[in-house]
Amino acid sequence: MYGGQVGWYLYERMSGSPPDQPGATAFAVLGVATWRVEPGTQTVIGSPELAALLGLPAGAAVDRAVLESALAAAHGPELASLLAGERSVLEVEVRAPGASRWLRLAVGAPDASGVVAAAAIDISTQRAIDRERELLHAIARRTDNAVIVARRDGSIEWVNDGFMRLTGFTPAEAVGQHPGALLQGPDTATEARALMRRARAVGEPFALDVLNYAKSGRQYWVHIDAQPTRDTAGQVTGYIAVQTDVTERRVAAAREHVAQAVAARLLTAVTIEAAAQGIVDELVQVLDVRTAQLWLVEPGQPHLQYLVGACADEASRDFVEMTRAVSFQMGHDWVVGVGAPGSAWGTGRPCVKSDFWEDDRTGHKSRRAAAAMRARIRTLCAVPVRGPHGVMAVLEVGGSHSYPGHERLPSLIERIGEQLASFMLQLLSRQAFEALFQHSPDALLLLDERATIQRANLRARTLFGTIEGRPLGDLVDDAGAVLADVGGPGAGLRRCAARRPGGGAFPAELASAAVTADAQPGVLVAVRDLTERLQMEEALTRSLREKVTLVQEVHHRVKNNLQIISSLVSLQANELDSPEVRAALSDTANRVQSMALVHQQLYSHDDVSRVPFDQYLTALGRSLQLSLDPAAELEVDLEPAEVDAEFAVPCGLIVNELITNAIKHGRSADGRCRIRVTLSQRDGELHLEVADRGQGPAVEPRSASMGSTLIAALVRQLRGKISTSFDDGTIVRIELPTNLLPRRSP
């Protein structure tokens, strides 16, 4: 390309020189074809290069007709005007068989003798380069990416519209500037700058991600793909760089990387401090933030307790160290003493300060704000780490006011806070489990899938000694059945024999459950030594039998004494002549007998505190029937019920009076005595009913007898109600609240 330009220059200086002169040799070397046209003839005197440029065979004769035939097919009018002297330069396309080329023709003015000198040069390569450049410019104008064409010295020669949209700089502001000085800033990595300088110095392509700054100060990430441009000699003439905005991709990748890195850190951490340090380190290393710190909420403490911190450089280290000494208290407003951490603690929500350098509401510039200015920290984001019972910790990050993705930082920190909260709860749960495991009063054995003991607590070591690595079958009988119960419908306690280190067996109670320990499935077996418990149970059983025997003996003696009293009263009654006195003493004897029956029921059953009330009433009725009138008809319909002695005695006296009165006064017109006693429980009450077929009242008027007075007093004592009806005989109904009835323990 450069040879042709130089040749054209020589032609313009030497256009009149005949082909046999020295200038013709220079034209041949530089690829310039020349010729002369004699006036009034068709003769063309041309250099050897002319035939090759016209696509003719080497050595072919060229006259005016041949010349016009080769060129006039595509450029007839332009050629005619050239040959007529109307124009001096013309670019034409020569279409030879199988190929085509572009020529630049120049015709000089006729000399004094009328000879016209002309020259031609092949410009096909230059035309192809110009066409390619036009296409590249058209593509660059329409792409969304930023395109920069730079000179050899690195200064900007041309930018496209995408560059203006991405950076905010106009072409007038960009051309002549160096891209690094125009677009890069203090947070651009020095390694990236050095890589680009080295590549440009040796003329190599380069591709990398770089943090740039827009005209507004906004930070953004671009992927730069730069290729050097070269001339025909291979020398670097400049660079073409395509910049693709990768901010969204970088932010999303950084968020995902941080979340995964935090999860990996939490898997290996064994303390809250180690987990927190790993989190703040990841935030500073991966995200475009300068500091990250974490505080704990201690129960009962009025201020946050500083735990760990991380910083990006020495400037921000001073900010972290100064913050370590600050006491943040709970609050709902951003004020001195509360700050972002205290506000996140108090509200339970993220707290974001977009321009931390501003004064607070009182106009006070805090020492922390001054330290932030020195560290170029303009934004703070504090996020609470929430647990089931409130805020457990507060995580805070600080950065510039325009770092990429800063508007989505609170949601990312909340996600990390959830991971940390889960870890803290699991750690507390593990610590609680470990404390329970080690200090359990039962022997606890943790088995692997092969039923081999992996861990044992203190109680297990006391019972069995050192047992790690041994199978469960070495310690207890029926180990297979114990393990078969794990997770099954029959899982539960199982008694078997266990063996002490010396070989002595002892009774034990075992329970098993499937667990996951250190991410591995296993079985937890609890072994309880029953030796002492069985001894205590045996002692209690003996004591209980002795006490039951004693109580039964007491009830038996009371019953005997009451029967003696009843017999004495009956004997005394038989010796008296007065029928009224004998009847009164007989009634007294029956009342005593009703109380004796209660004690008979108590010592006749295993439970010496409860009376089977239905059986008691049946026995009481039969006793009164035999004592007063064996011919009386007695029908009982009693639901099963149990009561204590305190209830049975007064209720038995009531039934005694009612049946006695019914036998004495409840006879029908034919003289028959028919009595019906019923007992039921409904509507939350105990219903007792005594009925006869007599014509008069079953209960005499209150003033008429002691029996009616006794019944009324006893019903009031039991907080019950009594009613009497005379429909086809006499019916006495008594309702007693069932809450007076003791309930058997399950």
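The values are calculated or read from the model by the stated rules, or taken from the named source; none is laboratory data. What you are looking at is a predicted structure, and each value in this text was computed from that prediction instead of being measured. Every residue, glycine among them, receives a Cβ derived from its backbone with ideal geometry; neighbour counts consider all protein chains shown. What goes into the accessible areas is simple: the full protein's heavy atoms, side chains included, and nothing from ligands, DNA or RNA. Shrake-Rupley method; radii C 1.70, N 1.55, O 1.52, S 1.80 Å.
Can you run phi through the Karplus equation (6.51, -1.76, 1.60; θ = phi - 60°) for the stretch 367-381 and list ³J(HN,Hα) in whole Hz, with x for Gly and Pro?
3J(HN,Hα) across the stretch 367-381, in whole Hz: 5, 5, 5, 5, 5, 5, 5, 5, 8, 6, 9, 10, 10, 10, 9.
Roughly how many Å is it from the Cα centre of the stretch 276-319 to that of the stretch 467-486, as a whole number?
49 Å
Would you work out what percent of the accessible area of the stretch 162-294, with all protein chains in place, is carbon or sulfur (probe 1.4 Å)?
On the way: 3480 of 6310 Å².
Carbon and sulfur: 55 percent of the exposed surface of the stretch 162-294.
When only the heavy atoms of the protein chains count and the probe is 1.4 Å, how do His332, His257 rank by accessible area, highest first?
His332, His257
Could you list which residues have their amide H under 5 Å from that of Asn160, counting only those 5 or more apart in sequence or on another chain, with H placed in the peptide plane?
When sequence neighbours closer than 5 places are left aside, the close amide H contacts are Val147.
To the nearest 10 Å², what's Thr618's accessible area with a 1.4 Å probe?
Here the accessible area works out near 50 Å².
So what's the net charge close to Arg450: Lys and Arg +1, Asp and Glu -1, counting the other residues with Cβ under 14 Å from its Cβ? Walk me through the intermediate numbers first.
Values: positive: Arg470; negative: Asp448, Glu449, Glu468, Asp474.
Net of charged neighbours comes to -3.
Under a 1.4 angstrom probe, counting protein chains only, how are Leu483, Leu50 ranked by accessible area, largest first?
Descending order: Leu483, Leu50.
Using θ = phi - 60° and the Karplus curve 6.51 cos²θ - 1.76 cosθ + 1.60, what whole-Hz ³J(HN,Hα) does each residue of the stretch 628-637 get, with Gly and Pro shown as x?
For the stretch 628-637, the Karplus-derived couplings read 9, 7, x, 7, 5, 9, 10, 10, 10, 9 Hz, x marking Gly and Pro.
Which of the aspartates and glutamates could a cross-linker bridge to Lys353, judged by Cα under 14 Å and excluding same-chain residues fewer than eight apart?
Of all the aspartates and glutamates, those that pass the test against Lys353 - Cα under 14 Å, at least 8 places apart if same chain - are Asp333, Glu396, Glu407.
Ignoring ligands, DNA and RNA, please state the percent of accessible area on the stretch 400-447 from carbon and sulfur, probe 1.4 Å. Could the numbers behind the result be given before it?
Details: 1390 of 2270 Å².
Solvent-exposed carbon and sulfur of the stretch 400-447 make up 61 percent of the total.
Return the long-range amide H neighbours of Glu91 (sequence gap of 5 or more, or a different chain), with a cut-off of under 5 Å between placed amide H atoms.
Result for Glu91 returns Leu105.
Taking only protein heavy atoms and a 1.4 Å probe, what accessible area per residue, in Å², does the stretch 149-235 have with all protein chains in place?
About 51 Å² of surface per residue is accessible.
What residues qualify as long-range amide H neighbours of Val308, i.e. H under 5 Å apart, gap of 5 or more or another chain, H built at 1.01 Å from N?
So Val308 has HN proximity to Leu294.
Once ligands and nucleic acids are excluded and a 1.4 Å probe is used, how much of Glu434 is accessible, expressed in Å² to the nearest 10?
That residue has around 60 Å² of solvent-accessible surface.
For the stretch 158-189 and the stretch 638-682, compute the distance between their C-alpha centroids and round to whole Å.
112 Å
With every protein chain kept in place and ligands, DNA and RNA left out, what is the accessible area per residue of the stretch 237-285? Probe 1.4 Å, answer in Å².
Normalised by residue count, the accessible surface of the stretch 237-285 is 47 Å².
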